[in-house]
Amino acid sequence: MYSYLRGNTLASPSLLHSLPPAMDTLPPKVLVLLASYNGAKWISAQLRTILAQERVDLHICIRDDGSSDTTLEEIARLAPETRVKLSTSDKPSGSASRTFFSLIHEHTSIGYDFVALADQDDLWHQDKLARACTALQTTGAVGYSSATIARWPTGKDRLINLSGPPNAADFLFEGAGQGCTFVLSAAFFERLRHFISQHSNLLEDLHFHDWAIYAIARTWALHWYFDPAPSLIYRQHERNDTGARGSLLGLRRRLALIRNGWYRDQLEKICILCSAANPSDPRTASWRAILQERPNWRRTAHLVRFSLQTGRRRTRDQALLILACLAGWI
């Protein structure tokens, strides 16, 4: 289940103006969860763009994962900004994914309408949250993600389109775009929070929290909204986890991860997570059965067939997936 708007996202007017007005007269209350780690170069600008959001009532909860630079000092400069709350890890988790799962576990959405996820190094458009909230209210979707604009230190900008529209089982192979664009309904967030609290052992080695969130929503047969208009500037630098899709560095990293078996490992872990979330989902059961087959030509044929029928959304990603199946990397 999904919503997906087509069109030229650079030339089209703001999506917010193309949707019906939000159903509530009061501004929606949004909880923003931000993970930080050695982000002193970027976090002040990121926080300023979040605090400047229009037509929403927001609060920001930051969890710092043991920064050794001046990140905490940069956050402290916001005092006495009452909308920002900071907590620090007693023991660093070592990954953004674990930090986000901790944020989800520690914060309830009770009293809020929506929950947004934020990285430490982006620049949000002023209408990012208002547009996302309107889309979710209007469509009844539980999750929202959007395109982004990648920006390099040279000043070069490039639109990073969302791949789509989704298909029957894309969630078993990929997420819904950059997690830094995610906005979730409060009801879904609370259900998600309860689930991950009960299954924390399945989250330990998951690299992408955003992929896991999208996969859980889809295996629960819930509605996800894909916005083709960009909602933020995704700054590119040496500390990016993966880098912008389509960049040479990002491509090299992704290819290396596929060839060394890392992607196969993540596929298996996402499949196990989805099985726990919805044991009766036939898509997950079929894919898990194929992954557990002994390596031989029959397994390869099953991998290719399932991938062709329900695999990745973008054509070139689908081609790379088929190549990985044929090469024995999955």
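The values are calculated or read from the model by the stated rules, or taken from the named source; none is laboratory data. Predicted model only: the values in this text are computed from it and were never measured. Neighbour counts run over all protein chains shown; Cβ positions are idealised from the backbone, glycine included. Just the protein is used for accessible areas: all its heavy atoms, side chains included, with ligands, DNA and RNA removed. Shrake-Rupley method; radii C 1.70, N 1.55, O 1.52, S 1.80 Å.
Each Lys and Arg adds +1 at its Cβ and each Asp and Glu adds -1 at its Cβ; summed about the Cα centre, the range 81-149 shows a dipole of about 100 debye. Considering only Ala289, Leu323, Thr148, the residue lying farthest towards the positive end of the dipole of the chain is Leu323, judged by Cα position with unit charges set on Cβ.
Between 0 and 90 degrees, rounded to the nearest ten: what's the tilt of helix 186-198 against the longest Cα principal axis of the chain? Taking Cα atoms only, the helix is inclined about 60 degrees. In the context of the full set of protein chains, residues of the range 145-231 present 32 Å² of accessible surface per residue (probe radius 1.4 Å, heavy atoms only). Taking the empirical scaling 2.2 N^0.38 Å for compact globular proteins as reference, the range 244-330 has a Cα radius of gyration ratio of 1.11. Name the chymotrypsin sites (Phe, Trp or Tyr not before Pro) in the range 17-104 that are in a loop by DSSP and that have at most 10 other C-beta atoms within 10 Å, would you? Sites meeting the loop and neighbour criteria: none at all.
By a straight-distance test (C-alpha under 19 Å), which lysines pair with Lys29 as possible cross-link partners, with residues fewer than eight away in the same chain excluded? Within the straight-line cut-off, Lys29 pairs with Lys85, Lys128. Accessible area per residue (1.4 Å probe, heavy atoms of protein chains only) ranks Val304, Val115 as Val304, Val115, with the largest value leading. Taken about its Cα centre, the range 181-330 carries a charge dipole of roughly 560 debye when the Cβ of each Lys and Arg holds +1 and the Cβ of each Asp and Glu holds -1.
How many percent of DSSP beta bridges within the chain run antiparallel, rounded to 5? Around 30 percent of the beta bridges assigned by DSSP in the chain are antiparallel ones. For the range 119-177, a simple Cβ point-charge model (Lys and Arg +1, Asp and Glu -1, everything else neutral) yields a dipole of about 200 debye relative to the Cα centre. Here the accessible area of the chain is 54 percent carbon and sulfur, with a 1.4 angstrom probe and all protein chains present. Normalised by 2.2 N^0.38 Å, where N counts its residues, the alpha-carbon radius of gyration of the chain equals 0.98.
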